[in-house]
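Okay, structure first, notes after.
The values are calculated or read from the model by the stated rules, or taken from the named source; none is laboratory data. Only a predicted model underlies this, so the values are computations on that prediction, with no experimental measurement involved. Cβ sites come from the backbone with ideal geometry, for glycine too, and all protein chains shown count toward neighbours.
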Amino acid sequence: MQNRHQSLFAAVRIIPAVLIMLLFLPLAIRAQIPNCVYDQNAPSAERARANFLALNYDCAEAELIDLLRIDTLDLQQKADAHVLLAQVFYAKVKGDEEKHNMVLEQFVATFRAFRAWKGALDVKAPEFLAVMKEAQDLVDKEPPQAEAQPAPEQKTWQPPPISEKKCAPKSTMAWIATGLFVGSAGFFVIGSSDASSKWDDYESNPDHPRNLYDEYESANSQKKVAGVLTVATGIVSGYLWMKHFGAEKKCRETTSSVSQHGGLKIYAGVGRINLVYNF
C-alpha cells in the first residue's frame with residue numbers, strides 16, 4: 001500500500017513537469033529556427049551578404065540556398081552565390097574538418113560553374129584562401145566536361161498523302177469504250193435506216209430485182225454488225241465505268257481514313273523501329 005502511494009505521489013509530480021515540457025517544446029523549437037525576413041520567391045545575394053556581414057549566418061545561408069535553386073541564374077551569379085555560401089560556412093561552422101569540407105564543397109561548385117571566377121572576398125583568412133586554392137587545383141585536374149550532345153532527332157515516317165488522282169484508275173479506257181459505243185450506236189441507227197430504205201425499194205418494185213435484194217442484204221448485214229458492236233462496246237464501257245467509280249469511292253474512303261486516323265506509322269529511333277497503326 002505504501003509503495004502504491006509513493007508511485008501515485010511520483011506520478012503526480014511528474015505529470016505537471018511533462019505538461020510543462022510539452023507546452024514549451026514548440027516555443028523552444030521555434031526559437032531555434034532563424035526568423036529570416038526575405039522574399040523566398042525572389043532571394044537576393046545582396047541581402048544574403050548583408051545578413052552575413054551582420055553576423056546573421058543562418059539567414060544568409062537560408063537565402064543563398066534558395067537563390068541557388070533558381071535555374072535561370074547565369075554562371076557568374078551562381079559562382080558568386082557559392083563563394084558567399086563558402087564564407088558563411090567558414091564563419092558559422094565550428095569543427096575544423098567539417099568546416100574545411102563544407103567550404104571546399106562550395107568552392108569546387110564555384111569553379112565548376114565558372115572556372116575563371118575572380119571576385120572580392122569578405123573573408124581573407126589564410127586558411128580560407130588555402131581551401132579556395134585547393135578547390136581550384138581539384139577542378140583544374142578534372143577532365144573538361146563534354147558539352148551535352150543533342151539527342152538524335154527521331155524521324156517519323158508517314159505515308160505520302162494519297163490523292164484521288166493517284167489512287168483512282170485512269171478513265172481513259174472507259175472514255176474510249178464509250179466513244180466506240182456511241183460510234184457503233186450511230187452506225188447501227190444509220191444501218192437500220194439504210195436497210196429499211198433498201199427493203200422498201202425492193203418491196204415497191206413488182207419485179208423484185210435481185211440487185212435491190214442484194215443491196216438490202218448488205219445494208220442489213222452492216223446493221224447487224226453495228227448492232228453487235230453497239231452491244232459489245234456498251235457492255236465494256238459500262239463495266240469500265242463501274243470499275244472506275246468503285247475504285248474512286250474506295251480511294252476517297254482510304255484517303256479519309258488515313259487523314260483521320262493516321263494509318264500505319266513507322267517511328268525510327270536509336271537502335272529501334274516502332275510500327276504503330278491507329279484504327
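Among residues belonging to segment 130-158 that are assigned to a loop (DSSP other than H, G, I, E, B) and at pLDDT below 55, point out the one that is nearest to Glu248 (Cα to Cα). Walk me through how you get there before you give the answer.
So the first thing to find is which residues in segment 130-158 are assigned to a loop (DSSP other than H, G, I, E, B), and the list is 142-154, 158.
When the remaining residues are screened for being at pLDDT below 55, the result is 146-152, 154.
Values: Ala146: 57, Glu147: 55, Ala148: 52, Gln149: 49, Pro150: 46, Ala151: 44, Pro152: 41, Gln154: 35 Å.
Looking at residues that are assigned to a loop (DSSP other than H, G, I, E, B) and at pLDDT below 55, I get Gln154.
Residues that are surrounded by 14 or more Cβ atoms within 10 Å (Cβ to Cβ) and either modelled with pLDDT under 85 or among the aromatic types (Phe, Trp, Tyr) (or both): does segment 203-210 have at least one? Even if it seems obvious, please write down each step before you answer.
Initial filter on segment 203-210 (surrounded by 14 or more Cβ atoms within 10 Å (Cβ to Cβ)): none.
Checked segment 203-210: no residue is surrounded by 14 or more Cβ atoms within 10 Å (Cβ to Cβ) and either modelled with pLDDT under 85 or among the aromatic types (Phe, Trp, Tyr) (or both).
Under 6 Å between Cβ atoms, at least 6 apart or on separate chains: pull out the pairs that start in segment 77-88 with a residue that is assigned by TED's automatic domain parsing to the domain that holds Asp66 and end on any residue that is surrounded by 24 or more Cβ atoms within 10 Å (Cβ to Cβ) and of a type in the set (Gly, Ala, Ser).
Between residues of segment 77-88 that are assigned by TED's automatic domain parsing to the domain that holds Asp66 and residues that are surrounded by 24 or more Cβ atoms within 10 Å (Cβ to Cβ) and of a type in the set (Gly, Ala, Ser), the close pairs are Val88/Ala60.
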